[in-house]
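Structure first, then comments.
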Amino acid sequence: MRLLAISDLHVRHRRNREALEQLSAQPDDWLILAGDLGETVEQCRWVFETLRPRFARLLWVPGNHELWREEGLAGQAKYDALVQACRDFGVDSPEDAYPVFEGEGGPVTVAPLFVGYDYSFAPDGMDVAAAVQWARETGVMCTDEWRLSATPWGTREAWCAARVAYSEERLAQVDGATVLVNHFPLRGDLVRLPRIPRFRIWCGTTATEAWHTRFSARAVVSGHLHLRRTDWIDGTRFEEVSLGYPRHWRAET
């Protein structure tokens, strides 16, 4: 019984859907889906329907792509619809009780988190407007700026702060070792993007920098960067598990 993880399936791409359909069943194992499965509720439902029968348990956290506006759904309402899709298929979400994994490497409490970003990975002293302009100076802009609504929170950074507080309260109640799962990296030093370094401002929050030690994490799972890698920090294993767009499948890209 293993704890497996993958993220950034981006199933609107035909090659990614075909690869997912060919994924072999692992009926004894748990599978973490660490965000960016698709861009619509229906795409996520298709992933859950496809994978749920193949694994003992599925766990999901949202990425920024899942939260993009679609007709009639934006912000918190879009997230709520995704959580309902999880419940329809028996998939664990950040709104459910954290399960305890008793298999290989366990027991550990697996904590699916929804913590976004607040632009704090920008250079010190920059507010949000300055950070976005700093990124724009190198031709970098995130589609979230016009497609990810923070209704009713007002701003993405306010939504992030609310999710940080909510997650901290829940994690503080966990006794023992954890595996923390979030779409965005929990530490700024994990964001190494040689081709688009200033994209880092859309990659997380400094508020979670010490969560791996504070909440006794044996491992931290994330996606978003489309650069699969393993890091060790303070004795904790950090795994970036993105599949990414078809052009990102090769490890060197």
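Relative contact order (percent) for the stretch 1-76, with alpha-carbon contacts under 8 angstrom and 6 or more residues of separation?
33
Give me the percent relative contact order of the chain, please, defined on Cα pairs under 8 angstrom at least 6 residues apart.
21
Of 195, 12, 52, which has the largest mean-square fluctuation in a 10 Å C-alpha GNM of the chain?
195
Which value, in Å³ per residue, describes the convex hull spanned by the Cα atoms of the chain?
124
Taking all protein chains in place and a 1.4 Å probe, what share, in percent, of the accessible surface of the stretch 87-177 do carbon and sulfur account for?
Ligands and nucleic acids excluded, carbon and sulfur give 50 percent.
Could you pull the Rg and Dmax for the stretch 108-185, using just the Cα atoms, both in Å?
Expressed in Å, the Cα Rg and Dmax of the stretch 108-185 come to 15.1, 46.
Work out the charge dipole of the stretch 1-117 with +1 on the Cβ of Lys and Arg and -1 on the Cβ of Asp and Glu about the Cα centre, then indicate which of 59, 27, 84 is farthest towards its positive end.
The Cα lying farthest towards the positive end belongs to 27.
Taking amide H atoms as placed 1.01 Å from N in the peptide plane, list the residues 5 or more away in sequence, or in a different chain, whose amide H sits under 5 Å from that of residue 236.
none
Per residue and in cubic angstrom, what volume does the convex hull of the Cα atoms of the stretch 124-245 have?
Looking at the stretch 124-245, the number lands at 123 Å³ per residue.
Please give, to one decimal in nm, the separation of the simple spin-label points placed at residue 28 and residue 138, each 7 Å out from Cα toward the Cβ.
Once both label points are built, they end up 4.6 nm from each other.
Not counting ligands, DNA or RNA, and with a 1.4 Å probe, what is residue 28's accessible surface area in Å² rounded to the nearest 10?
110
If you take every DSSP beta bridge whose two residues both sit in the stretch 1-153, what share of them, in percent to the nearest 5, is antiparallel?
Close to 25 percent.
The values are calculated or read from the model by the stated rules, or taken from the named source; none is laboratory data. Please read these numbers as outputs of a predicted model, since none were measured by experiment. Methodologically, a virtual Cβ is constructed for each residue, glycine included, from the backbone with ideal geometry; neighbour enumeration extends over all protein chains shown. We work out accessible area using only protein heavy atoms, side chains counted, and drop any ligands, DNA or RNA first. Shrake-Rupley method; radii C 1.70, N 1.55, O 1.52, S 1.80 Å.
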